[in-house]
Structures are given as C-alpha cells and as structure tokens.
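A.B. asks: One structure, pasted below without further comment.
No value in this document is a laboratory result; all are computed from the given coordinates. No experiment lies behind these values; they were computed from the predicted model shown. Every residue, glycine as well, gets a Cβ built from its backbone with ideal geometry; the counts of neighbours run over all protein chains shown.
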Amino acid sequence: MHSFFKFPWILLPLASAFKHPHLDDLINGFKNAVDCDGCHALLVPLKALAELGDSAFVDTLVATCKVLKLEDPDVCVGAISQQGPILSHALRGISPFGKTATKLCEGTFGLCQPPAVNQYTLPLPAPGPAAARKPPAPTGKTPFQVVHFSDVHIDREYAPGSDSNCKKPICCRAFADEAVPPNEPAGPFGNRNCDSPAGLAKSMLDQISTHHTWSIFTGDVVEAAVWLVNRSEVTSDIGLFNQELSAALNAPVFPAIGNHDSAPVNNFPLDTATGKFDAQWVFDLEGKQWRHWTNRTAAREVKHFSGSYSVTAPGTNLRIISINTVYWYKQNFWLYDSDTPAHDPRGILEFAVKELQAAEDAGQRAWIIGHMPPGSQDVFSDQSNYYDQIVQRYRNTIAGQFFGHTHYDEFEIAYSDYENRGADTAVGAVWIAPALTPRSGNPAFKVYDVDPETYEIMDSKVYFSDMKNPKYQTEPEWKLYYSAREEYGPLVDLAPTAPLNARFWHAVTEAFEKNDTAFQRYNEFMTRGGHVHPCDAACKKVAICQMRAARAENNCHVAKPGLTFGDTERDDPETLMKNSAPPAPAHPQSQCEGAGIGHLLSQLALKVTSGPGRESSMADLRSRLEKIIPVPRAVDEL
Ligand SMILES: *[C@@H]1O[C@H](CO)[C@@H](O)[C@H](O)[C@H]1NC(C)=O
Ligand SMILES: *[C@@H]1O[C@H](CO)[C@@H](O)[C@H](O)[C@H]1NC(C)=O
Ligand SMILES: *[C@@H]1O[C@H](CO)[C@@H](O)[C@H](O)[C@H]1NC(C)=O
C-alpha cells in the first residue's frame with residue numbers, strides 16, 4: 001500500500017484503465033474487421049482479452065455471437081465455450097501482426113489470404129534403386145474389390161418426427177426450443193438438414209457387406225451438432241460405430257481419424273500437456289477398437305503416432321498407411337499457437353515417410369488413407385506442400401491416396417511440375433469419397449476395382465440411395481449410380497487395360513474443359529444428384545483448378561468472410577438465407593466443419609458491414625460487454 005503513495009504518478013495510466021480500454025478497442029476492432037488489416041488490428045484487443053483469461057474471452061465472444069445473432073443462443077454458448085479456450089490459448093502465444101496471425105485471419109474470419117508457403121525441404125531418405133522402379137504395368141488380371149466409405153456422421157439423438165426444418169446448423173433433434181408442431185417432421189432415414197440416423201448407417205453397412213470385401217473408412221463418425229458434443233458422447237459414438245462395423249461386415253475395415261472424432265470438434269493439440277484438452281484418449285480408444293482389423297503393431301502406432309498406423313492388407317502386398325491429417329487442418333486452432341512454424345506437427349509426415357520407405361524397401365505398393373484431402377482449401381498450404389514432396393519422392397510406391405471430409409465425390413491430382421500441369425506430369429491421384437450423411441447430397445459410398453498386383457484402381461463405382469425415391473423413408477434402396485470407367489473412359493479414349501491413374505484423371509479434366517455436358521454431369525455426381533450446386537463458367541474454372549491441385553497452394557481458392565469451411569459457396573437459396581452469405585461462383589466448400597467457432601467468426605465480418613441495425617447492435621453489444629470485461633483492478637495491481 002505504501003508504494004501507492006510513493007509513486008502517485010502511476011495513477012495517470014490507471015485512470016484511463018478504469019474506462020474499459022479493452023472494450024473500446026474491441027468494439028472498434030469488430031467494426032473495422034472488414035479486411036485483412038482490420039483483422040490483424042482486431043487481434044490486438046482479442047489477444048488482450050485472452051490475456052485476461054479464458055472465461056472473459058469466451059463470455060465476450062458468446063455475447064457477441066448472441067447480440068449479432070450469428071447463431072441461436074444455445075449454439076453460440078456451446079460452440080464458443082468448447083472451442084473458445086483453444087483460440088484464446090493460441091492468441092496468447094502469437095503476435096497479432098505475424099504470419100500465424102494472418103493464417104488465423106484467413107482460417108477463422110476469411111479476411112486474409114493465406115501467406116506464401118513457408119518453403120522447407122522435408123528430410124527424405126535418398127532414393128535407392130527401388131525408388132526408380134517404374135510403377136508396374138496393369139496385369140489385366142481379374143480385379144478385386146475394396147469399399148470406400150466416409151463421413152458417416154451418425155446422430156445418436158436423431159429423433160424421427162422432430163423438426164427437420166429448424167434454424168440450427170443441425171436439425172432432426174428434440175431441441176428444447178423447437179417449433180411445435182414441427183415445420184416438417186423428420187422421417188426415420190434422414191433429411192438434408194440433419195446428420196445420419198443410426199438406421200441409415202445400418203442400411204449402408206448391410207449393403208456394403210454384400211460386396212464381401214474389406215473396406216477403408218476415411219473418418220468422421222460423430223455428428224456435427226458441434227455445440228453439444230462432449231468427450232463422453234464421442235467415446236460412446238466411436239464405440240458404437242466400431243461395434244456396428246464388426247457386426248455388419250465380415251471383413252476388415254481400415255479407418256482413419258476425422259476432425260469430428262474428438263471433443264471439442266477439431267481438438268487435436270500439438271502436445272499432451274494440455275490437461276483436459278489432451279486427445280490421447282481418442283488414440284487409446286481407436287487403437288484398441290481397431291486392433292482386430294489391424295494388428296498389435298498398428299494398435300501401438302495409433303496410440304503413439306496420434307492415430308496414424310500402417311498395416312498390410314490381407315492377402316496382398318499392399319501397405320495401407322493411415323495418417324491423421326487433422327494436424328494440417330485450418331480449423332484445428334492448436335496449430336495457431338506459435339509464431340515459430342512447426343513443419344511437421346505431431347510427426348505425421350515423418351510417420352508417412354517411414355512407412356513408405358518400409359514399403360519401398362519391401363517391394364510393396366502403398367495406399368495412403370486419411371480424412372482431409374491434401375489439396376483442399378481448408379488444409380494449411382505449408383503441410384500440403386511438404387506432403388506433396390513425399391508424394392513426389394514415393395510416387396512409384398504409392399498406388400493411390402484416399403480421403404473424405406469434403407462430403408463430395410471428387411478427385412485431386414498431384415503433378416511433378418505444377419507450373420506445367422499436364423498428363424505427362426500427373427503423378428498422383430487423390431480419391432475423395434462421398435459422405436453417408438444426407439447433409440450434403442444423397443447418401444453414397446464407392447467400390448473400387450483393384451488390380452491384384454499393381455493395386456491401381458481399374459474402376460470406381462458409386463452406390464447411392466436416392467432420397468427422392470418414395471420408398472426411401474421406409475427402406476432406403478441402394479443402387480449403382482455410375483461407373484467412372486464407363487462414364488469417363490470414352491471421353492478420353494481409355495485403353496481397355498489402362499488404370500484410372502493420375503494421367504487418366506488429367507485427361508478427364510481436359511475433357512471437362514471442352515465438354516460442358518460432361519462437366520455438368522460430374523458436378524451432379526459430386527452430390528450424387530441431391531441438392532446439386534449450379535456451376536457456371538467461372539465456377540467451373542475454379543472447380544477444374546481444384547481437381548488439378550493435390551497441393552493446396554495451387555487450388556485457386558480465395559478466402560472470403562462469411563464463407564469458411566462449413567458453408568457452401570454455391571448453395572441453394574435456402575442455405576444462403578440461413579447463412580446470409582452472398583452467392584459466389586466457386587468450388588463448393590467442404591461440408592465437414594459444421595457450426596464451429598470458425599463458422600461463427602466468419603459471419604462476423606458480414607454482420608458488422610452489412611448486418612441490419614449495425615450501429616444499434618454495436619451499442620447493445622457495448623453495454624453487454626461492459627458487464628463482462630472486468631475493469632482492471634488498479635489498487636491490487638500495485
Ligand atoms: C455429454 O453430451 C451428452 C449428449 O449430448 C449429454 O447427454 C451429457 O449430459 C453430456 N455430458 C456432460 C458431462 O456434459
Ligand atoms: C503388423 O503388420 C505389419 C505390417 O503388415 C508388420 O510389419 C508387423 O510385424 C505386424 N505386427 C504383428 C505383431 O503381427
Ligand atoms: C460430351 O459428354 C457427354 C456426357 O459424358 C457425352 O455423351 C458426349 O458424347 C460428349 N461429347 C463429345 C463431343 O465427346
């Protein structure tokens with residue numbers, strides 16, 4: 001106390017501290033968060049807020065979300081209280097004006113474009129003689145089948161009869177504030193505004209079992225009502241689905257971990273010293289529960305390599321390498337907590353290299369499987385670039401790459417020279433499976449015909465269940481939708497014995513450029529004919545650019561506010577109204593994210609520039625925040 005009297009000059013700055021300095025900065029920051037500079041400026045008061053503690057940070061964002069009506073109040077509270085502390089932790093660790101901050105402004109607010117790739121040469125074993133081995137020629141032998149399914153997003157609280165046309169990001173649940181009577185009662189087998197009922201997943205698994213073969217599953221077991229998801233739900237959802245897989249399928253399943261397979265959503269921290277946020281429980285659980293399809297070594301790998309593992313597929317010389325790509329995901333906020341770039345978060349790239357080298361040494365071929373594809377707009381372009389270096393080095397060993405996450409049936413191509421993307425430089429094909437969840441189109445899965453010696457894909461057949469079929473809500477019918485070989489082969493004069501490799505897919509993109517009918521069919525196939533996104537010439541250009549980009553820096557995506565990864569850039573009017581986002585012709589965004597905090601913050605810039613009653617809602621926000629943001633306690637601080 002005596003120092004107070006000794007240094008009375010200290011009272012000067014304190015006097016202004018009593019006037020909520022953070023609050024004024026914050027309100028101005030929100031108002032000016034309309035471009036990249038504005039976003040960096042906003043990070044200054046947001047970081048100051050984070051320094052006050054997680055609860056001040058969370059309460060402030062919750063109030064902002066409620067006042068600006070970014071979502072329903074329960075969604076605001078749930079999403080922000082779960083993920084907010086991670087964002088707050090990240091902000092405390094970085095400069096508001098650094099490169100990581102620019103990435104954050106892109107990944108959450110959509111206000112900056114990603115910074116240039118941080119050039120880095122990944123340490124890779126020198127190619128031995130085995131690396132020079134050319135990929136084997138197709139054998140012409142009878143192919144075997146492998147099923148690829150993804151993004152099941154099973155909602156264990158799906159309630160038939162509840163409102164399927166609600167205002168929340170996910171409907172068909174008995175919400176406390178739901179419309180009575182419901183606007184449109186949910187049917188038993190799913191709805192486009194909702195995640196999958198368990199019965200729909202069962203129906204698909206029964207269908208898959210008729211193919212009598214092993215499968216790959218590229219992640220996302222848990223539903224996307226992310227504002228409610230917690231660890232006990234994820235544990236139970238994962239356990240139930242693994243049991244259902246074992247019961248329905250009489251052949252192994254090789255899974256990968258999805259961004260929804262943790263709680264809170266996307267919670268995959270860099271280190272394990274994060275207390276209640278540690279995600280080791282996910283790896284322990286999956287390692288154990290996947291073990292009967294893999295083996296003891298793989299189970300240990302899942303545990304110690306953050307969900308990644310490798311195993312030789314039964315009766316083959318094919319190594320399946322499953323990697324956790326959520327450590328490259330822009331919505332994993334742990335990845336923004338330092339200004340020093342981590343080249344290989346959690347050593348996922350290193351793991352892939354080790355396993356590919358083992359495959360190369362053993363004369364095996366390899367398939368890489370994972371959740372998030374490497375070339376999409378929601379992957380960090382740094383890790384995408386480093387992963388691409390691996391693909392280049394092991395191009396003769398890798399026979400295929402398989403992902404999910406976008407919910408679309410689509411593909412991406414890797415090139416040895418991205419400046420000259422052509423059939424001759426196309427070296428890797430990335431296969432992306434459609435989702436089961438009806439949220440993004442008709443429920444679907446793929447069946448590959450695989451050459452039994454080269455392990456290249458000879459055909460890919462998509463099976464789907466048409467929700468417009470009058471019998472759908474009684475018993476979904478599964479039918480062959482199309483065969484890629486039949487559909488695209490004739491467009492590119494495909495030789496009868498040639499595989500559907502990167503060369504082939506590049507030729508298909510050229511056919512799409514010339515033949516709009518063929519492209520429009522592809523566009524329809526992306527969502528399996530359900531809620532098709534119209535795609536005009538400008539949109540087609542970006543779509544083809546995305547096909548020619550297994551490396552994210554080349555995908556032609558442009559970040560925009562209001563449209564992060566949960567939204568679609570070309571969606572139907574209904575969804576556009578829901579998101580109050582302007583239509584923009586481009587590649588549809590990944591459907592995976594849902595209403596996480598990234599989605600909420602991406603709405604902010606739109607609301608502060610064009611939201612109705614902007615000034616009065618800002619005044620309202622200010623008075624609400626006055627009660628939340630603590631006045632610095634002057635005397636104590638002395
Ligand atoms: C976790 O979520 C489930 C399902 O929403 C809910 O029933 C349960 O009460 C929640 N548990 C905790 C500890 O919050
Ligand atoms: C598990 O499979 C891998 C790859 O197929 C093999 O290298 C390893 O020895 C196997 N481990 C056990 C315990 O069988
Ligand atoms: C264009 O594509 C459509 C649909 O695949 C096909 O039927 C048609 O023959 C193609 N036209 C040409 C000129 O290749």
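A.B. asks: Taking the Cβ of Ile170 as the center, what net charge do the other residues with Cβ under 9 Å away carry, scoring Lys and Arg +1 and Asp and Glu -1?
C.D. replies: 0
A.B. asks: Which part of region 50-75 falls in the paramagnetic zone of Ser616, meaning amide N under 18 Å from the point 7 Å along Cα-to-beta-carbon?
C.D. replies: Hits in region 50-75 for Ser616 at 18 Å: 66-70.
A.B. asks: Report the one residue of Gly307, Ile320, Asn295 whose Cα lies farthest in the direction of the positive end of the charge dipole of region 280-341 (charges on C-beta: Lys and Arg +1, Asp and Glu -1; origin at the Cα centre).
C.D. replies: The residue sitting farthest along the positive end of the dipole is Asn295.
A.B. asks: Using a cut-off of 11 Å between beta-carbons, work out the net charge of the residues near Ala362 (Lys and Arg +1, Asp and Glu -1, Ala362 not included).
C.D. replies: -1
A.B. asks: Just to check I understand the Karplus step: with θ = phi - 60° and J = 6.51 cos²θ - 1.76 cosθ + 1.60, what whole-Hz values come out for region 242-253, glycine and proline as x?
C.D. replies: 4, 5, 5, 4, 5, 6, 7, 10, 9, 9, x, 10
A.B. asks: Length gain on complete extension for the stretch Ser246 to Arg300, per 0.36 nm per residue less the alpha carbon to alpha carbon distance?
C.D. replies: 17.4 nm
A.B. asks: Quick one: which residues, 5+ away or cross-chain, put their amide H under 5 Å from the amide H of Leu318? H built at 1.01 Å from N.
C.D. replies: Those lying under 5 Å, H to H, from Leu318 are Ala313.
A.B. asks: Put a dot 7 Å past each Cα toward the Cβ at Ala179 and Arg156; how far apart are the dots in nm?
C.D. replies: Each label point is offset 7 Å from its Cα along the Cβ direction, giving 3.0 nm.
A.B. asks: Report, in degrees rounded to the nearest 10, the 0 to 90 angle that the Cα long axis of helix 537-547 makes with the longest principal axis of the chain.
C.D. replies: 70 degrees
A.B. asks: Another question, then. Rounded to two decimal places and with Rh computed the Kirkwood way over Cα pairs, what is Rg over Rh for region 387-486?
C.D. replies: Across region 387-486, the Cα-based Rg/Rh ratio is 1.07.
A.B. asks: Here's a follow-up. Just subtract the alpha-carbon distance of Gln119 and Val532 from 0.36 nm times their residue separation and send over the number in nm, one decimal.
C.D. replies: 144.9 nm
A.B. asks: Antiparallel versus total DSSP beta bridges in the chain: what percent is that, nearest 5?
C.D. replies: So the antiparallel bridges in the chain amount to around 55 percent.
A.B. asks: Between Lys276 and Lys69, what is the label-to-label distance in nm when each label sits 7 Å out along the Cα-to-Cβ direction?
C.D. replies: The answer from the label model is 3.2 nm.
A.B. asks: Based on the Cβ-Cβ distance of Glu524 and Gln145, what FRET efficiency does E = 1/(1 + (r/R0)^6) give at R0 = 30 Å, to the nearest 0.05?
C.D. replies: 0.75
A.B. asks: What residues of region 473-514 lie in the reach of a label at Ala137, counting those whose backbone N is under 12 Å from a point 7 Å from the Cα along Cα→Cβ?
C.D. replies: Residues 497-498 fall inside that zone.
A.B. asks: Based on other C-beta atoms within 10 Å, arrange Arg421, Arg551, Arg296 from fewest to most.
C.D. replies: Fewest-to-most Cβ neighbours within 10 Å comes out as Arg296, Arg421, Arg551.
A.B. asks: To continue, here is another question. With a point put 7 Å past each Cα toward its Cβ, work out how far Lys202 is from Asn230 in nm, to one decimal.
C.D. replies: The two pseudo-label positions are separated by 2.7 nm.
A.B. asks: While we're on this one: Nearest 5 is fine: what % of DSSP beta bridges in region 136-281 come out antiparallel, could you say?
C.D. replies: In region 136-281, approximately 10 percent of DSSP beta bridges are antiparallel ones.
A.B. asks: Separate question: Using the Karplus curve 6.51 cos²θ - 1.76 cosθ + 1.60 with θ = phi - 60°, work out ³J(HN,Hα) for each residue of region 40-49 in order, rounded to whole Hz, and write x for Gly and Pro.
C.D. replies: 4, 5, 5, 5, 5, x, 5, 5, 4, 5
A.B. asks: Further question on the same structure: Let me know the charge dipole size of region 415-573 about its Cα centre in debye, to the nearest 20, where only the beta-carbon of Lys, Arg (+1) and Asp, Glu (-1) is charged.
C.D. replies: 400 debye
A.B. asks: Now, a different point. Over 22 Å between Cα atoms: which of Lys69/Lys276; Lys202/Lys468; Lys202/Lys479; Lys330/Lys354; Lys69/Lys103; Lys167/Lys541 fall into that group?
C.D. replies: Lys69/Lys276; Lys330/Lys354; Lys69/Lys103; Lys167/Lys541
A.B. asks: For the chain, state the average projected area of the convex hull of the C-alpha atoms over all orientations, rounded to one decimal in nm².
C.D. replies: 29.4 nm²
A.B. asks: To continue, here is another question. Taking other Cβ within 10 Å of each residue's Cβ, how do Tyr329, Tyr463 sort, fewest first?
C.D. replies: Going from least to most buried by this count: Tyr463, Tyr329.
A.B. asks: Sticking with this structure for a sec: State the Kirkwood hydrodynamic radius of region 330-449 in Å, one decimal place, computed from all pairs of distinct Cα atoms.
C.D. replies: That comes to 15.8 Å for region 330-449.
A.B. asks: Rank by packing, highest mean first: peptides 365-373, 208-216, with packing defined as the count of other Cβ atoms within 10 Å averaged across residues.
C.D. replies: 365-373, 208-216
A.B. asks: If you don't mind, another one. Please order Asp620, Asp388, Asp466, Asp151 by the number of other Cβ within 10 Å, starting at the fewest.
C.D. replies: Fewest-to-most ranking of Asp620, Asp388, Asp466, Asp151: Asp620, Asp466, Asp388, Asp151.
A.B. asks: Given region 279-382, what percent of its DSSP beta bridges are antiparallel, to the nearest 5?
C.D. replies: So the antiparallel bridges in region 279-382 amount to around 45 percent.
A.B. asks: Then there is this: How much net charge surrounds Thr316 when only the other residues with a Cβ under 14 Å from the Cβ of Thr316 are counted, with Lys and Arg +1 and Asp and Glu -1?
C.D. replies: Its environment carries a net charge of 0.
A.B. asks: Right, another one. Could you give the dipole magnitude of the chain about its Cα centre, charging the beta-carbon of Lys and Arg +1 and that of Asp and Glu -1, in debye to the nearest 20?
C.D. replies: 520 debye
A.B. asks: Additional query: At 222 nm, what helix-only mean residue ellipticity would the chain give, in deg cm²/dmol to the nearest 500, using -39500 (n - 2.57) for each DSSP H run of four or more?
C.D. replies: Calculated at 222 nm, the ellipticity per residue is -11500 deg cm²/dmol.
A.B. asks: I've got another one for you. What would the Debye formula give as log10 I(q)/I(0) at q = 0.15, 0.20 Å⁻¹ for the alpha-carbon point model of region 52-148, no solvent?
C.D. replies: Log10 I(q)/I(0), no solvent term: -0.78, -1.09.
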